[in-house]
Amino acid sequence: MTKTTYIIAGDIGGTNSRFSLHLPGKSESLLVHIYSNEETVKDAPTYHHVTLKPYLEKCLAEVEDWKAMGEDELLSQVQIVACLATAGPVQTDNTVFMTNMCGGSTIDGNEIEKCQDGLLSIVARCKLVNDFVGQGYGTLDLDLAEECVELIPGSAAKINDLGPKVCVGAGTGLGECFLTKSSLSPEQGYECYPSEGGHCDFVPRGALEVELLEYLKERFGGGHRVSYERVVSGRGLANVYEFLAEKFPDRVDNTIHEEFLAAGDQQGRVVGVNSRNEGSLTAQAAQIMMAAYGAEVGNASLKFIPTGGMFVSGGLTPKNIKLIQGMDSPFMRAYLDKGRLNSLLDTVPLFAVMTEDVGLRGARVCAEREFIAMKG
């Protein structure tokens with residue numbers, strides 16, 4: 001008997017695990033639920049027993065088609081193909097150790113597939129991918145007109161359907177990936193590859209940024225260099241503000257600074273929320289970060305020449321779109337400042353991604369590909 005297949009996409013970060021249930025070929029979710037890792041995963045024997053299993057039980061209780069079947073019929077007639085996009089280095093044996101989850105936690109896709117505990121037994125395939133590979137595949141699911149902003153006018157019309165695509169996104173860290181399609185077998189679609197481009201050397205573009213570089217080298221013991229991620233990320237924004245506060249103590253807003261000092265790992269959010277205060281150190285920090293962001297996106301465009309599209313994603317992009325959009329923005333001025341090769345960037349379609357669920361959507365795309373491969 002042929003089983004009915006459902007798709008589960010997972011976006012697994014250090015803080016939360018987000019799951020979404022789909023029918024094959026359908027982007028609409030039947031049920032989305034988020035679990036706090038701190039509340040659920042801490043001290044648990046296995047990750048999947050405290051997240052994926054409860055999620056499947058929630059689907060049985062709330063998804064109409066599952067409710068109509070009941071558990072016994074579900075166990076015999078349904079299979080799940082899942083993909084979990086995880087914030088950690090996925091190994092070739094389909095496992096990942098997430099250092100930023102509750103002091104360190106392992107997710108094992110093979111164990112999930114083999115598990116026969118209750119509803120977990122219907123999971124036929126569970127593929128793990130890096131979270132930014134999920135972001136890359138998620139760009140294939142975007143409605144460019146509704147969910148993106150063209151940073152260079154006419155970008156959508158410039159897209160080459162065989163050209164490489166690149167995704168660069170600043171959030172907790174700075175992620176980068178690229179996608180390519182075979183010109184010999186274009187029907188197979190795009191394949192996404194991870195990179196650690198966010199850890200390339202940060203290059204200052206002015207006297208103040210030279211001082212910032214020296215400050216960060218001393219602070220992080222970087223010797224001769226620090227990475228772009230030390231500047232372009234939520235934590236990076238906090239680093240830039242701390243540098244400015246030390247250099248310009250007379251300009252420090254004591255109320256904001258006290259809030260910043262008490263914010264722990266949310267210091268970047270404090271700077272971002274207050275960055276709209278014109279002339280403030282927080283505003284200057286955001287402008288410096290966005291210029292560095294634009295410079296690195298420009299670097300990636302030169303390296304890959306992504307005529308299929310350069311997508312600027314991550315949580316910091318929609319939150320700071322006013323510093324990104326417009327040819328006179330800090331981001332775009334730095335992006336286009338490439339000397340003799342400025343004209344090359346005119347050939348690259350450039351988009352700001354305004355939705356933050358790209359990783360989850362990319363996991364769905366990956367799961368769909370796994371399902372197609374299973375069918376042969």
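Below are the figures for this structure:
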{"quantity": "Anisotropy class of region 15-61 from Cα gyration tensor, a/c 1.5 cut", "calculated": "prolate"}
{"quantity": "Using a Förster distance of 56 Å, the FRET efficiency for M374-S343 (Cβ separation, nearest 0.05)", "calculated": "0.75"}
{"quantity": "The chain: most fluctuating residue of R340, R230, R125 per GNM, C-alpha cutoff 10 Å", "calculated": "R340"}
{"quantity": "Relative contact order of region 152-254, defined on C-alpha pairs under 8 angstrom at six or more residues apart (%)", "calculated": "21 percent"}
{"quantity": "Calculated FRET efficiency for the pair M354/S76, C-beta based, R₀ 56 Å, to 0.05", "calculated": "0.85"}
{"quantity": "Separation between Cα centres of region 189-243 and region 1-68, rounded to whole Å", "calculated": "36 Å"}
{"quantity": "Å² per residue, accessible surface of region 59-183 at 1.4 Å", "calculated": "42 Å²"}
{"quantity": "Candidates G298, G70, G134: whichever shows maximal mean-square fluctuation once the chain is modelled as a Gaussian network with Cα springs under 10 Å", "calculated": "G70"}
{"quantity": "Beta bridges per DSSP with both ends in the chain, % antiparallel, nearest 5", "calculated": "55 percent"}
{"quantity": "Rounded percent of accessible protein surface that carbon and sulfur make up, the chain, 1.4 Å probe", "calculated": "49 percent"}
{"quantity": "Whole-Å semi-axes of region 284-362's equivalent ellipsoid (Cα gyration tensor)", "calculated": "20, 17, 9"}
{"quantity": "Residue-by-residue Karplus 3J(HN,Hα) for region 229-244, coefficients 6.51, -1.76, 1.60, Hz, glycine and proline x", "calculated": "4, 5, 10, 9, 4, x, 5, x, 4, 5, 4, 5, 4, 4, 4, 5"}
{"quantity": "Relative packing of peptides 326-332, 358-364, 182-188 - highest average C-beta neighbours within 10 Å first", "calculated": "358-364, 326-332, 182-188"}
{"quantity": "For G88, distant residues with modelled amide H under 5 Å away", "calculated": "D131"}
{"quantity": "Part-to-part distance (alpha-carbon centres) for region 88-110 and region 337-355, which is given in Å", "calculated": "35 Å"}
{"quantity": "Nonlocal amide H pairs with Q79, under 5 Å, H built at 1.01 Å", "calculated": "T4, T5, Y6"}
{"quantity": "Rh by Kirkwood over Cα pairs, then Stokes-Einstein D for region 170-289 at 0.692 mPa s and 37 °C, µm²/s", "calculated": "208 µm²/s"}
{"quantity": "Most fluctuating residue given options A87, A157, A238, as computed from a GNM of the chain linking Cα atoms under 10 Å", "calculated": "A157"}
{"quantity": "Computed [θ] at 222 nm, deg cm²/dmol, the chain (DSSP H ≥ 4; -39,500 (n - 2.57); rounded to nearest 500)", "calculated": "-11500 deg cm²/dmol"}
{"quantity": "Unsatisfied cross-links (Cα-Cα over 21 Å) in the set K247/K322; K165/K303; K26/K127", "calculated": "K247/K322"}
{"quantity": "1.4 Å probe accessible area per residue over region 261-376, in Å²", "calculated": "41 Å²"}
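The values are calculated or read from the model by the stated rules, or taken from the named source; none is laboratory data. Since this is a predicted model, take the numbers as computed values, not measurements. Cβ: placed from backbone, ideal geometry, glycine included. Neighbour counts: every protein chain shown. The protein model used for the area step is the full one, side chains on, heavy atoms only, and it has no ligands, DNA or RNA in it. Shrake-Rupley method; radii C 1.70, N 1.55, O 1.52, S 1.80 Å.
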